[in-house]
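Input: a single structure, listed below in structure tokens.
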Amino acid sequence: MRFRDAHIPFGLSWTSPFAKWQGPLAEVNSLDLAVDVTGRALEARGLPSEEITEWTLGCTVPQQYAFYGVTLVSRRLGAGRYGGPWISRACATSAVVVEHLAAQVELGAHRTTIGVITDRTSNGPLMLYSSQRSPGGAPLAEHWVLDPMALDPTTGQSMNDTAENTAADGGYTREQVDEVALMRYEQYLSALADDRAVQRRYMVPVRIPRKKGEDWLEEDHGVFPTTAEGLAKLSPVKPGGVVTYGAQTHPADGCAGVVVATGDRARELGQDGVTAQVLSTGFGRAEPAYMPKAPVEAARVALADAGVEISDVDVVTTHNPFAVNDLWLADQMGYPLERMNPYGSSLVYGHPQGPTGARAITELIYALHARGGGTGLFTGCAAGDSAGAVVVRVDG
């Protein structure tokens, strides 16, 4: 979908730190997390919550009281007159949220909108579905977070299988996969330089309530130190495969936010009048059981709608639950691996599902601004061999 007057004000997209599941955010309801982080982010950036007339919740893991959706968030933040939809599209949720907000702005329905994207994979709900016909009326059970990783009901294969299928199709070796994993870790370390100078610009600390007082999480938790030697020692997840736990992401908890506004308002809100214009969004699917291929299909749709060639793209960020994703993207689109993910990626800092894409989009905007502007592409896979993509242009 192409847009002409939808902008993200520079500085008005953010992310919390991501915490590896069963870590410091394991007991924090992701809606409470989003209210706290969003409120402090808006206050620090000088945007009154009541000015925002379209609120959208991106969330893929149900939480207590989630039935009320984004109205629970907006009311608690002082914008109770306004609401909006709850959007869930697995790991492409952030791309759909951006598309919805951009469409609302483009159509003139709203001047200033916000996406609040949050998820907690820790303590994911155990769903019980009543079944009167089962023996003794025992319910059917599903673990909302774990079960989908192990089985796509349309193919019978796991997500790890989709990575191995794609690796075999691309002829990728274990060494190539490990090299990408190490590269992304080293890029992540660059964002930690000078006391995390880069991350501090867009990362909002998390307040963790305790019975007595509170704790604060100011940086990512659970990032594992990665070396070539350490990667080489790991066994593949699937015997005979090329993907190890060192070359795939880990589940996490966290949240992110993004404001989308008209060009005029975005220039008023953006730091130094800078904006990231949303040029387009796109979605695509790969053949069944080849999930890491899907980001290429989504990227092609988004680039075509934006009227942009991949050769014109200055920076790419990806949601890459497997290093295989980036290898396939580089091969199919002819884009250098080293120009992707300058501040690391979900492969390294983890994957809370819904907000992962919003963090990658935020990092894309900051990377473009650091180079003086340019055109950027975010693309990332999602469940069911699908993917979403967003093309932005930063004007300085």
>> As an exercise, use a Förster radius of 30 Å and the Cβ-Cβ distance of Asp195 and Arg4 to find the FRET efficiency, rounded to the nearest 0.05.
In response: 0.15
> How would you rank 211-217, 184-190, highest first, on the average number of other Cβ atoms within 10 Å across their residues?
Replying inline: 184-190, 211-217
>> With unit charges on the beta carbons (Lys and Arg positive, Asp and Glu negative) and the dipole taken about the Cα centre of the chain, which residue among Val204, Leu31, Val315 sits farthest to the positive side?
In response: Leu31
>> Amide H of Gly58 versus every other amide H placed in the peptide plane: which residues, excluding those fewer than 5 positions away on the same chain, fall under 5 Å?
In response: Ile87, Val116, Ile117, Thr118
> What nm value, rounded to one decimal, do you get for the distance between Ser235 and Trp86 when each label is placed 7 Å out toward the C-beta?
Replying inline: 4.1
>> Per q in 0.18 Å⁻¹, report the Debye log10 I(q)/I(0) for region 20-103, using one uniform scatterer on each alpha carbon and no solvent.
In response: -0.83
> How large is ³J(HN,Hα), in whole Hz, for each residue of region 329-342 in order, when computed from phi with the Karplus curve 6.51 cos²θ - 1.76 cosθ + 1.60 and θ = phi - 60°, using x for Gly and Pro?
Replying inline: 4, 4, 5, 6, 10, x, 10, x, 4, 6, 9, 9, 6, x
> Sequence-distant or interchain residues sharing an amide H contact under 5 Å with Asp220, placed H: which?
Replying inline: Phe18
> Highest mean first, what order results for 256-269, 362-375, 319-332, 218-231 on Cβ atoms within 10 Å?
Replying inline: 319-332, 256-269, 362-375, 218-231
> Residues of region 151-187 with amide nitrogen under 13 Å from the 7 Å Cα-to-Cβ point of Glu287?
Replying inline: 165-170
> Between Ala90 and residues 5 or more places away or on another chain, which pairs have amide H atoms under 5 Å apart, with H built 1.01 Å from N, and which residues are they?
Replying inline: none
> Roughly how many debye, to the nearest 20, is the charge dipole of region 249-343 about its Cα centre, given +1 on each Lys and Arg Cβ, -1 on each Asp and Glu Cβ, and no other charges?
Replying inline: 180
> For region 344-358, in order, what is each residue's ³J(HN,Hα) by Karplus, 6.51 cos²θ - 1.76 cosθ + 1.60 with θ = phi - 60°, in whole Hz (x at glycine and Pro)?
Replying inline: x, 6, 4, 4, 9, 8, x, 9, x, 6, x, x, 4, x, 5
> Can you give the helix-only mean residue ellipticity at 222 nm for the chain, where every DSSP H stretch with n ≥ 4 adds -39500 (n - 2.57) and the sum goes over all residues, rounded to the nearest 500 deg cm²/dmol?
Replying inline: -10000 deg cm²/dmol
> Rounded, prolate or oblate: which one fits region 224-354, using the alpha carbon gyration tensor with axes a ≥ b ≥ c (rounded when a/c is under 1.5, else prolate when a/b beats b/c, else oblate)?
Replying inline: prolate
> Based on Cβ point charges of +1 for Lys and Arg and -1 for Asp and Glu, what charge dipole magnitude is obtained for the chain about its Cα centre, in debye rounded to the nearest 20?
Replying inline: 920
>> Starting from 0.36 nm per residue, how many nanometres of slack lie between Leu107 and Gln271 once their C-alpha separation is accounted for?
In response: 56.5 nm
> FRET efficiency for Glu338 and Gln64, Cβ-Cβ distance as r, R0 = 30 Å, nearest 0.05?
Replying inline: 0.10
> Looking at the square roots a ≥ b ≥ c of the eigenvalues of the Cα gyration tensor of region 265-333, which shape do they give, rounded for a/c under 1.5, prolate if a/b is larger than b/c, or oblate?
Replying inline: prolate
> With θ set to phi - 60° and the Karplus curve 6.51 cos²θ - 1.76 cosθ + 1.60, what are the ³J(HN,Hα) couplings of region 198-207 in order, to the nearest whole Hz, using x for Gly and Pro?
Replying inline: 5, 4, 4, 6, 10, 9, 9, x, 9, 8
>> What does the C-alpha gyration tensor say about the overall shape of region 248-292? Classify as rounded when a/c is under 1.5, otherwise prolate if a/b is larger than b/c, or oblate.
In response: oblate
>> No solvent, one uniform scatterer per C-alpha: report log10 I(q)/I(0) for region 151-257 via the Debye equation at q = 0.10, 0.19 1/Å, two decimals.
In response: -0.44, -1.04
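Show me 68-76, 289-297 ranked by packing, highest mean number of other Cβ atoms within 10 Å first.
Those peptides, ordered most packed to least, come out 289-297, 68-76.
Quick note: the coordinates plus some simple rules give every number you see, no bench work behind them. Note that the structure is predicted; figures quoted are calculated from it, not measured. Cβ: placed from backbone, ideal geometry, glycine included. Neighbour counts: every protein chain shown.
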